[in-house]
Amino acid sequence: MTASHAATTRPTERKVTGWTVLIWLGSFFLVMLVANIFFVYFALSSFPGVVTDRAYEAGQAYNGEIAASRAQGELNWNVSGNVTRDDDGIARIEVSALDAAGNPLTGLSVEATLQRPASPEPARKLVLHEGELGRYAAQAEDVAPGRWILQLDASSGTKGETFRSQNRVFFSE
């Protein structure tokens, strides 16, 4: 191959025409459209977006919840619990309540609420009954495995003292 022959064999250049630009632009926007449809489908099918139906009212009650939290801290109650789930789907909730001196708190009205996080599934409300002094228990049937939010509300009817605890629990299969 001579030097003059090598100089004359160049790769052919493609011209950019209007049709080429139209095909590239159309392909780009088609890929973006398919990706957006994919993301919108999975966003709408996986999370409904509604955690509470009354978000404005919940926001207005926020200062009241802060004051209740401070009042709860002043009680110095020691409330501990244990949550288990059997293979048959029965969840057992056991709560122990002690005052600041370590004495059992008796005669409390204790309620538990089990709810799935970010799910439209209705919450399950349970009333815990006192067994031993300062120990309260309840059970719920057909509790599916997975993540749950457990809210405990305990109140003494005489002085109006209230205790609230919210915990995330996970039930394995």
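The values are calculated or read from the model by the stated rules, or taken from the named source; none is laboratory data. These numbers come from a predicted model, not from an experiment. For neighbour counting, all protein chains shown are included, and Cβ atoms are generated from backbone atoms with ideal geometry for every residue, glycine included.
So, in region 126-173, exactly how many residues are free of Cβ contacts under 8 Å to residues at least 40 places away in the same chain, buried (at least 17 other Cβ atoms within 10 Å of the Cβ) and over 15 Å from Gln115 (Cβ atoms)? Residues meeting the conditions: 3.
Scoring Glu94 on the criteria (1) among the acidic types (Asp, Glu); (2) modelled with pLDDT under 85; (3) in a strand (DSSP E or B) leaves a single failure, condition (2).
For region 121-153, the set of residues classified as out of contact with any Asp or Glu (no Cβ under 8 Å at 6 or more places or on another chain) and among the aliphatic types (A, V, I, L, M) consists of Ala123, Leu133, Ala138, Ala140, Val143, Ala144, Ile149, Leu150, listed by residue number. Sort out which residues of region 59-77 are of a type in the set (A, V, I, L, M), assigned to a helix (DSSP H, G or I) and more than 20 Å from Ser96 (Cβ to Cβ), and write them in order of number. Scanning region 59-77 gives Ile66, Ala67, Ala68, Ala71. Taking the criterion of being touching a residue at least 24 places away in the same chain (Cβ under 8 Å) and part of a strand (DSSP E or B), the residues of region 97-125 that qualify are Ala97, Leu98, Pro104, Leu108, Ser109, Val110, Glu111, Ala112, Thr113, Leu114, Gln115.
Within region 130-140, is there a residue that is within 24 Å of Ser46 (Cα to Cα), part of a strand (DSSP E or B) and out of contact with any helix residue (DSSP H, G or I) (no Cβ under 7 Å at 6 or more places or on another chain)? No, region 130-140 contains no residue that is within 24 Å of Ser46 (Cα to Cα), part of a strand (DSSP E or B) and out of contact with any helix residue (DSSP H, G or I) (no Cβ under 7 Å at 6 or more places or on another chain).
Evaluating Leu105 against the criteria (1) closer than 30 Å to Pro145 by Cβ; (2) surrounded by 13 or more Cβ atoms within 10 Å (Cβ to Cβ) leaves one unmet condition, (1). Within region 66-93, being of a type in the set (S, T, N, Q) and surrounded by 12 or more Cβ atoms within 10 Å (Cβ to Cβ) holds for Gln72, Asn78, Thr84.
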